[in-house]
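Beneath this line is the structure, given in structure tokens, with notes to follow.
A short reminder: the numbers here are calculations on the coordinates, not readings from a lab. This one's a predicted model, so the numbers in the text were calculated from it and none came from an experiment. Don't worry about glycine lacking a Cβ; one is built from the backbone with ideal geometry, like all the others, and counts go over all protein chains shown.
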Amino acid sequence: MVNGIERPLDLLNQAKGKEILVYLKNGNQLRGTLLAFDIHINIVLDNTKELDNGEVKKNLGLAFIRGDTIIFISPSTVK
Amino acid sequence: MVNGIERPLDLLNQAKGKEILVYLKNGNQLRGTLLAFDIHINIVLDNTKELDNGEVKKNLGLAFIRGDTIIFISPSTVK
Amino acid sequence: MVNGIERPLDLLNQAKGKEILVYLKNGNQLRGTLLAFDIHINIVLDNTKELDNGEVKKNLGLAFIRGDTIIFISPSTVK
Amino acid sequence: MVNGIERPLDLLNQAKGKEILVYLKNGNQLRGTLLAFDIHINIVLDNTKELDNGEVKKNLGLAFIRGDTIIFISPSTVK
Amino acid sequence: MVNGIERPLDLLNQAKGKEILVYLKNGNQLRGTLLAFDIHINIVLDNTKELDNGEVKKNLGLAFIRGDTIIFISPSTVK
Amino acid sequence: MVNGIERPLDLLNQAKGKEILVYLKNGNQLRGTLLAFDIHINIVLDNTKELDNGEVKKNLGLAFIRGDTIIFISPSTVK
Amino acid sequence: MVNGIERPLDLLNQAKGKEILVYLKNGNQLRGTLLAFDIHINIVLDNTKELDNGEVKKNLGLAFIRGDTIIFISPSTVK
């Protein structure tokens, strides 16, 4: 299998410590370094930035994001 | 049964490694190669493209998509 | 009981291999041949057509539809 | 207890084979003969009519309705 | 404890056979005599009236209301 | 720990018999005396008032509020 | 791992007794001192302030916030 990804969470495991982009159901995006996640896809980011149309709107530092508010996650630097 | 599909997930199993189109509840579509999925229909795509009315809007590479944001999935090249 | 339907899923069982109309929560409709379904009402259609006010908008071939996006299903040819 | 209804599902049991009115979360109504239901309030109607402000908009025949799209059900002929 | 209410469902138990007002998530209200309820707060009303800004809009007789469409319930005559 | 609150429900326990303010997902607020609650955060209030921008819009007496319609609860007199 | 955070809830544990910012699904924000949380991400804040575009709109004192109304939580002073 490409990249050793057999189950969806394998991608998040590979992305730990790397920067990811999180698309939220409210239309916003968060970018930050993935520190932790669980099976509900609750995640913790470090150096979190809130983006508006790709522009940094706010620096948030650490952030806990509830899984049920996430549409998709793209680990920009994994591949 | 047509195509050997007895249960809904059989279609996703057949589509592994092939290109699929994912329709999201927010009205957007993602197109990419299906790498993995689970029983929650969480999926991982490779070479993901975000589409707007069929036009490629953004290249996302790898993407983890939460199952509960998906309306339907159409594996364009399976059949 | 009319048509041998004692439990709701009996209707879907009878509709296997026949054409059904699926009304989605986003207001769209999908029409296609029912290949498979599960207890979550996840379903797989073949020869799927996306309808807009009854007009065919797009041909989708095979499609996996998440149960939680469905309002109701009408098997036009069962009866 | 009035009508022998001790638990909510008793009302649906009494309404089997009779005409009911189903109010959906999307604002539409369906009218038809109740053939079957389950504990999720998934229901099957026969001779289903889609109503718009009380007017018949479309004849649907048999229909499977997902319970989680229903606001309330009024069995017009039970009492 | 006031009125012998120790758990939320105790209020609904006391309201059986009495008139209650049900506020729905879609902004409408239903008024009727509480016949039955279950732990999902699915309820059955008799002599149900659909209200619009406090005015009776429609007489519905018996009605089964899904618990997940309810905001709050006020038993006007209990106290 | 401040106020002896170790788990979230401890705050609701301390607020029993006192006035609380309940913010609902539909934008409205209810104010009343907390009589009972359960683990779903279903709650019963006495002397309930429906507020619109802080103004009393309606007196409701006893009210059963479904937990899943609540955003947050502020026990104004606890502290 | 940065900051000793291996699981998402570790961040909330570290933030106990410190000020956090809570982004709600309705677009509002609450700021306050984290007193308690549970696995549903229900949380209790002390000295809670309701913010509108970063401006303090209202002082709420203690507040119980339902986890399912939260998008993300940023512990401003943890790091």
Taking the axis about which chain C rotates onto chain A, which residue of C lies nearest it as judged by Cβ position, and how many whole Å separate them? C:D68, 8
Just need the Rg to Rh number for segment D:33-79, please, alpha carbons only, Kirkwood Rh. 0.96
Taking loop as defined by DSSP and a crowding limit of 15 other beta carbons within 10 Å, which GluC sites (Glu not before Pro) in segment F:1-58 fit? F:E6
Could you name the aspartates and glutamates whose alpha carbon sits less than 14 Å from that of A:K16, not counting residues in the same chain fewer than 8 places away? A:D38, A:D46, G:E6
How big is the equivalent ellipsoid of chain F along its three axes, where each semi-axis is √(5λ) from the Cα gyration tensor, reported in whole Å from largest to smallest? 20, 13, 12
Using the Kirkwood formula over every pair of different C-alpha atoms, what hydrodynamic radius in Å results for the protein assembly as shown? 25.5 Å
Please give the net charge around F:R31, taking every other residue with its beta carbon less than 15 angstrom from that of F:R31, where Lys and Arg add +1 and Asp and Glu add -1. 0
Rounded to the nearest 0.05, FRET efficiency between B:N53 and D:H40 (Cβ-Cβ, R0 35 Å) equals 0.50
